[in-house]
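Below is one structure, written out as structure tokens; the observations come after it.
The values are calculated or read from the model by the stated rules, or taken from the named source; none is laboratory data. No experiment lies behind these values; they were computed from the predicted model shown. Cβ coordinates were reconstructed from backbone atoms using ideal geometry, including for glycine residues, and neighbour counts include every protein chain displayed.
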Amino acid sequence: MKKTGILLFCMLILTGALYLAGRGLAGSESSLYRQEDMAAGGENGNLPEQVLTRTDEELREEQEECYAFGMLSEEEQEVYLEILEALIDFRENVRLSSCDKELISHAFQCVLNDHPEIFYVEGYSYTEYTLGSILKKITFTGSYRFSPEEVAQKQRQIEDYVNQCLAGMPEDADEYEKVKYIYEYLIHHTDYDASAEDSQNICSVFLERKSVCQGYAKATQYLLNKAGVFATLVLGRVVGGEGHAWNLVRIDGEYYYVDTTWGDASYQAVGGSDYPEEKIPTINYDYLCVTTEQMELTHTQENVVEMPECTSMDANFYVREGVYFTVFDEEKIGKIFADSYERGDTYVTLKCEGPDIFRKMQETLIGEQEVFRYLQCPDKAVSYVENEKQYSLSFWL
């Protein structure tokens, strides 16, 4: 007997939940099966198999920097490579080396997590071949959203966007500066829009200039990889239970989390913000290169592979920009305000290491109104926001 099953891409998370990255879209798993007789004593059934042409060695070398691939067992990696080549070449009915459907589902999701350039795949179908009650083999066919010709056309448009973006990056930029540049570039050129087409892939960002979190995260991953910086996709949820996607990046050998979606003012306006609506900053840097501890205050991972523990603060935005406080320092505060006025900034954010310094900052600058010492117009009211989760204070100039 042979039976054919259809699985949607969005259903292939380990939890089995429908996972549309965006703002809390969810549903339940479903499948459709068709049974037919298999030729007596045979294993091929009625569907022609396709044979892969690349060698494992060639594909393995190309996956050296792919995070999910490196976290898989040898058996899972073999299936990953088979699926990857099938998707690259738009293959159908490719025989897989495993008959474990959960393993196949896991390997498929890992392929898409590692390869944002495979934007044209919505899911896959598989065909089981049985002899009596024994499952003999499974063949794999990708579910393609676009034809190869349409993919080639869209890829040219994507490369135009990528080239224009990277052309503005300073030639001597270090890894942190590349991450910051791409974070800012995407935010300035993308609007958060839950109705965006192709919102689960890079086309929404690069071609439509609007997306949801998975589009932002995959675009961030794609651009950083093009710029020579390691980045991968992370899936999970945020406080309130909404499905979400963000990135893991590596800077100077240390891992950090980056959430480009939460950095965009257009998302803050739609999804809620700690800032007054009329004073939402153009870019929020609270989630640019943060630790696991910081991320877990608002995000919960449900990723297909285990993520590393991110502990370094060396490339954190506030540390690198000199507005991170490990002790209360009035002279440093004064310099930050003066430099911000000189640059023409509209607001100042002071980030504290922990609750004790944060409370000291609150007590001094707000309780004792010492902030007026640093303002150019001290006779005017000042708007500010206290972010107790992030231990930060923001003042509008």
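Among the residues of region 240-248, is there at least one that is surrounded by 18 or more Cβ atoms within 10 Å (Cβ to Cβ), touching a residue at least 12 places away in the same chain (Cβ under 8 Å), more than 21 Å from GLY70 (Cα to Cα) and touching a Leu at 6+ places or on another chain (Cβ under 8 Å)? The answer is yes, given that some residue of region 240-248 is surrounded by 18 or more Cβ atoms within 10 Å (Cβ to Cβ), touching a residue at least 12 places away in the same chain (Cβ under 8 Å), more than 21 Å from GLY70 (Cα to Cα) and touching a Leu at 6+ places or on another chain (Cβ under 8 Å).
Residues being without any contact (Cβ under 8 Å) to a residue 12 or more places away in the chain, closer than 23 Å to ASN316 by Cα, loosely packed, with under 15 Cβ neighbours inside 10 Å and not small (Gly, Ala, Ser) are entirely absent from region 195-202.
Here is a yes/no grid of residues against (1) surrounded by 17 or more Cβ atoms within 10 Å (Cβ to Cβ); (2) in the same structural domain as GLU296 (by TED's automatic domain parsing); (3) in contact (Cβ under 8 Å) with a residue 12 or more places away in the chain:
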{"residue": "PHE206", "(1), (2), (3)": "yes, yes, yes"}
{"residue": "ARG209", "(1), (2), (3)": "no, yes, yes"}
{"residue": "CYS213", "(1), (2), (3)": "yes, yes, yes"}
{"residue": "ALA227", "(1), (2), (3)": "yes, yes, yes"}
{"residue": "GLY253", "(1), (2), (3)": "no, yes, no"}
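Of all residues in region 119-172, those being hydrophobic (A, V, I, L, M, F, W, C), in contact (Cβ under 8 Å) with a residue 60 or more places away in the chain and in contact with a strand residue (DSSP E or B) (Cβ under 8 Å, 6 or more places away or on another chain) number 1. Picking from residues in region 101-123 that are in a loop (DSSP other than H, G, I, E, B) and touching a Cys at 6+ places or on another chain (Cβ under 8 Å), the one that is surrounded by the most Cβ atoms within 10 Å (Cβ to Cβ) is PHE119. The conditions of being touching a helix residue (DSSP H, G or I) at 6+ places or on another chain (Cβ under 6 Å) and closer than 30 Å to SER73 by Cα are met by VAL304. Taken together, the residues in region 65-84 that are over 23 Å from the mean Cα position of the chain (by Cα) and surrounded by 20 or more Cβ atoms within 10 Å (Cβ to Cβ) amount to 2. Taking the stated definitions as given, is GLY334 small (Gly, Ala, Ser) and touching a Phe, Trp or Tyr at 6+ places or on another chain (Cβ under 9 Å)? Criteria met by GLY334.
Residues are listed down the side, and each one gets a yes or a no for (1) at pLDDT 95 or above; (2) among the β-branched types (Val, Ile, Thr); (3) closer than 14 Å to SER125 by Cα:
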{"site": "THR53", "(1), (2), (3)": "no, yes, no"}
{"site": "GLU57", "(1), (2), (3)": "no, no, no"}
{"site": "VAL79", "(1), (2), (3)": "yes, yes, no"}
{"site": "GLN109", "(1), (2), (3)": "yes, no, yes"}
